[in-house]
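Before any comments, here is the structure.
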Amino acid sequence: MTVVTCIACPVGCRMGVETADGAVTAVSGHGCKRGVEYARQEAVCPMRIVTAVVRVRGGMPLSVRTASPIPKKDIFACMSAIEGIVVNKPVTMGQILIEDVCGSGVAVIATKAMNE
Amino acid sequence: MTRADLLIIGAGPAGLAAAIAARQAGVKDLLVLEREEASGGILRQCIHNGFGLHRFKEELTGPEYAQRDIDLAADLGIRIQTNAMALSVTRDKVVSFVSRQEGPRQIECGAIILCTGCRERSRGAIGTPGTRCAGVFSAGTAQKFVNLHGFMPGSQVVILGSGDIGLIMARRMTLQGARVLACVEIMPYSSGLNRNIVQCLNDYDIPLYLSHTVTDIRGTSRLNGITISRVDENRRPVPGTEIDFSCDTLLLSVGLIPENELALGAGLNLSAATGGVLVDDRFETEIDGVFSAGNALHVHDLADDVSEEAARAGRAAADYLLRGGQKRQMLSVMDGRGVLGAVPQKIAVPAEEDVRVRFRVDRVYENAYVCAHAQGAVFPRRKHRILTPGEMAQAVLPKQPLSLAEGDIVISIEGEKER
């Protein structure tokens, strides 16, 4: 059984998730329905949005994020990829900086614009 | 001396929302002053996600949330003067400011909205023992170094305080290659969101020491170690419970203080509970035509709430300018059992619309009711499964019973049942 702390509200229910062959068979300990889907995902493959900054040629750092959540286990690989690039100005908000970060199929995008 | 109908001090989330709302309500002559080189306020350095869930139904980062308002302000032709720092505000609404381009200037204003934000409590404010070595930073300062300037302030880190900024920085420093050894909280509970405990500490196996505080800070030129101790129920360190850490950096996330030097200079009084000025339900201060909003008024958890309140202040300032000030009968809002710092402190009757009162609770309550009482009026009460000091609570006072109220309105927490 995997124990998952719910993040939906300050109660922070500790939910138990039973799995068999990578599939969820039962969720228990939840005080309401809001955290159940989160618990199922956490037990099988926790996902996170990663935010960071990248280097900019001749400029201050640029804030970036993954366009959608990536598997938690890939966070440090994602950070290495982000640290490995240097971008050129100008940058538009939402511009794709890495197409597919560490094989997740998810892009890394700029979260702010930077002019020349 | 020049003139402006409406001057807004600060172009963070509050100032931007207030400016947009005022312009949309018909204020043409409007200027926003911002002391930093760009608009956005604290959101510029909050590169993490989690903003805008209420307002935009999307999960944005701080810069993305700010940019939506910056773009809208630009579309509306709102003038924002950056690198311009307000130095004083007078009772008759003359604002002095200084900018690199123009030097010192004065503006006579029809109305003013103070959106000056808040600042962090510092080491001096919490009286930590030890030497005065380098390596002790407020969490927000470290956040600015890492996210805006690309400098890492250290490599072996302990964080004092488990508020959201401290938790966010625990993750941020870890992702940038530092080792975060511990997060230390003097209270028996964290004041941060569960989400941040899980995703910033647990995800990276960073231990959280509740009911502990820093009792020694060591180092000559640079920090080289700290000691933490468990505290008793009166928050006094318990001898014999010391744990030593070797570290080069201590981040302090020990609370935020509304920044109100300008308000004090204008002769406004501050609430001991919130650290902000006293306002009515239109966010107007004790000086006619001077309004306050955002973290300068009271420290919020969510930018979304700041935007909502500040927009109301912006509309009220527009109404003041276009229709003139009106004398209204005011009732006081009082903190009852369990309630700290209810805002607004005054509500005009008869009420124009439902009024939202925001406050914090003094401890954790389970299965309790948020209640409001006043002579002549019966307000609906609302049950909450949990209320914690870390999350701002609210009571919505409907227009109808509000108009019947005759005396002080007391907000309180009642009917708690043991789990």
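Since every read-out is calculated from the coordinates, none of them should be taken as a lab result. Note that the structure is a prediction, hence the values are computed from the model and not measured. Cβ sites come from the backbone with ideal geometry, for glycine too, and all protein chains shown count toward neighbours.
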Relative to the longest principal axis of the C-alpha atoms of chain B, give the angle of the C-alpha long axis of helix B:303-323, reported between 0 and 90° and rounded to the nearest 10°. 20
So what is the 222 nm mean residue ellipticity for chain A from helices alone, if each DSSP H run of at least 4 adds -39500 (n - 2.57) and you divide by all residues, rounding to the nearest 500 deg cm²/dmol? -4500 deg cm²/dmol
Just to confirm a number: summing +1 for Lys and Arg and -1 for Asp and Glu over residues other than residue A:34 whose beta-carbon lies under 13 angstrom from that of residue A:34, what do you get? +3
Per-residue mean of other chain beta-carbon atoms within 10 angstrom of the beta-carbon, peptide A:75-83? 2
Just to check I understand the Karplus step: with θ = phi - 60° and J = 6.51 cos²θ - 1.76 cosθ + 1.60, what whole-Hz values come out for the stretch B:372-387, glycine and proline as x? 9, 10, 7, 4, x, 10, 10, 9, x, 9, 10, 8, 10, 5, 8, 10
Per the helix-only calculation at 222 nm, which mean residue ellipticity applies to chain B, given -39500 (n - 2.57) for every DSSP H run of n ≥ 4 and division by its residues, nearest 500 deg cm²/dmol? -5500 deg cm²/dmol
Lys and Arg at +1, Asp and Glu at -1: neighbours of residue B:99 with Cβ under 14 Å from its Cβ sum to 0
How many percent of DSSP beta bridges within the stretch B:48-197 run antiparallel, rounded to 5? 70
Which semi-axis lengths, in whole Å and largest first, follow from the square roots of five times the eigenvalues of the Cα gyration tensor of the stretch A:75-116? 20, 11, 7
Going residue by residue through the stretch B:145-150, the Karplus relation 6.51 cos²θ - 1.76 cosθ + 1.60 with θ = phi - 60° gives ³J(HN,Hα) values, rounded to whole Hz and with x marking Gly or Pro, of 4, 6, 8, 9, 10, x
So which trypsin sites (Lys or Arg not before Pro) in the stretch B:1-58 pass both tests, a DSSP loop state and at most 12 other Cβ atoms within 10 Å of the Cβ? B:28, B:57
State the number of lysine pairs found in the protein assembly as shown whose Cα atoms come within less than 26 Å, restricting to pairs 8 or more positions apart or on distinct chains. 22
How far, in degrees from 0 to 90, does helix B:13-24 lean away from the longest principal axis of the Cα atoms of chain B, to the nearest 10? 20
Nearest 20 debye, what's the magnitude of the dipole of the stretch B:111-260 about its Cα centre given +1 on Lys and Arg Cβ and -1 on Asp and Glu Cβ? 340
Give me the angle, in degrees from 0 to 90, between the Cα long axis of helix B:164-175 and the longest principal axis of the Cα atoms of chain B, rounded to the nearest 10. 50
The stretch B:114-171 and the stretch B:340-419: distance between their alpha carbon centers, rounded to Å: 34
